[in-house]
1. Could you check, for the range 199-217, whether at least one of its residues is among the polar types (S, T, N, Q), crowded, with 18+ Cβ neighbours inside 10 Å and more than 13 Å from the chain's Cα centre (by Cα)?
2. Exactly one of these conditions fails for Ser127: (1) touching an Asp or Glu at 6+ places or on another chain (Cβ under 7 Å); (2) part of a helix (DSSP H, G or I); (3) not aliphatic (A, V, I, L, M). Give me its number.
3. For residues in the range 59-76 being in a loop (DSSP other than H, G, I, E, B) and in contact with a Gly (Cβ under 9 Å, 6 or more places away or on another chain), which is surrounded by the most Cβ atoms within 10 Å (Cβ to Cβ)?
4. I'd like to check something: does the range 43-51 contain any residue that is out of contact with any Lys or Arg (no Cβ under 8 Å at 6 or more places or on another chain), closer than 18 Å to Leu133 by Cβ and assigned to a loop (DSSP other than H, G, I, E, B)?
5. Scan the range 181-219 for residues that are in contact with a Ser or Thr (Cβ under 6 Å, 6 or more places away or on another chain) and either free of Cβ contacts under 8 Å to residues at least 60 places away in the same chain or in a helix (DSSP H, G or I) (or both) and jot them down.
6. Which pairs have Cβ atoms under 9 Å, sit 6 or more apart or on different chains, and link a residue in the range 138-158 that is under 11 Å from Tyr69 (Cα atoms) to one that is among the acidic types (Asp, Glu)?
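Every number in this text was worked out from the coordinates using simple rules, so none of it is lab data. Just so you know, these numbers come straight off a predicted model, no measurement behind them. So basically every Cβ, Gly included, is an ideal-geometry build from the backbone, and we count neighbours across all protein chains shown.
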Amino acid sequence: MQEHWSGAQDMTGRPLAEPRAGRERPPGLLRRKIDAVRPLDAQFHAAPKLCVPEPLAALLFPGAPFTTYAILDAAKVANLPEMIGTSGLPHRCLFSGAAEETLGAVAPWVVGLAADNAFTRCLFSRSDAPWHLWDAAPGIFVVSQADLDSVWSHFRKFTRVQDEAGRWFYFRFWDPAVWDGILDGDEGFAARLLGPHQVVFRSRATADGATFKAAGAAT
């Protein structure tokens, strides 16, 4: 599948072309922003422990018929395949075949999250523990009515994109840092990348907390 996007970035994060100003959002594309989201701490004395910061809970885990996934970058998290392998959560490498065998330790992985799972808690926790991953910002979240294989099949089509000069690039859309550019760029590409799913990503972080944004098709 060939995808053309004027707002794509190469593997270093440099834009392939500048986003075009003045564009309107794609028809039917909904957006939401939540400011001042603070990470969870170690919660030594909490019972029960939170797995998601309260401002994000309803957005990320709205309940049936929706399922929540993360697309995580193993290049940002040491031993990520082993961590998700022992989490009890369904998961699948976004690469397949020889690419998975060669690059699996640094590849993107799709993980089906559960609201009460310890690995989910680790994604939103900050401490000195290496398994608390808030500071790593390791990926994006997908809220969908589709099963894991369908989410995997949809997003793996976008691991490479073609710029307007016809050059192919690996496209690290699982990096939350690229999503503001995606949503401010070519609206047709953004709509195709999102498909029927909603993507939630951390846009920026300050001393007052992080800003999370969500975008997806209207339902």
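1. Kept after step one, since they are among the polar types (S, T, N, Q), are these residues of the range 199-217: 203, 206, 211.
Then drop every residue that is not crowded, with 18+ Cβ neighbours inside 10 Å, which leaves none.
No, every residue in the range 199-217 fails to be among the polar types (S, T, N, Q), crowded, with 18+ Cβ neighbours inside 10 Å and more than 13 Å from the chain's Cα centre (by Cα).
2. For Ser127, the exception is condition (2).
3. Going through the range 59-76, the residues in a loop (DSSP other than H, G, I, E, B) turn out to be 61-66, 74-76.
Filter once more, so that each one left must be in contact with a Gly (Cβ under 9 Å, 6 or more places away or on another chain): 74, 76.
On the way: Ala74: 24, Lys76: 16.
Filtering first and then ranking leaves Ala74.
4. Residues of the range 43-51 out of contact with any Lys or Arg (no Cβ under 8 Å at 6 or more places or on another chain): 44-48.
Next, only the ones that are closer than 18 Å to Leu133 by Cβ stay: none.
No, the range 43-51 contains no residue that is out of contact with any Lys or Arg (no Cβ under 8 Å at 6 or more places or on another chain), closer than 18 Å to Leu133 by Cβ and assigned to a loop (DSSP other than H, G, I, E, B).
5. His197, Arg204
6. Listed by first residue and then by second, the contacts come to Gly139/Asp73; Gly139/Asp175; Ile140/Asp175.
Every residue, every condition in (1) touching a strand residue (DSSP E or B) at 6+ places or on another chain (Cβ under 9 Å); (2) more than 18 Å from Ile140 (Cα to Cα), yes or no:
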{"residue": "Ala42", "(1), (2)": "yes, yes"}
{"residue": "Ala47", "(1), (2)": "no, yes"}
{"residue": "Ala58", "(1), (2)": "no, no"}
{"residue": "Tyr69", "(1), (2)": "yes, no"}
{"residue": "Ala75", "(1), (2)": "yes, no"}
{"residue": "Gly85", "(1), (2)": "yes, yes"}
{"residue": "Gly88", "(1), (2)": "no, yes"}
{"residue": "Cys93", "(1), (2)": "yes, no"}
{"residue": "Glu100", "(1), (2)": "yes, yes"}
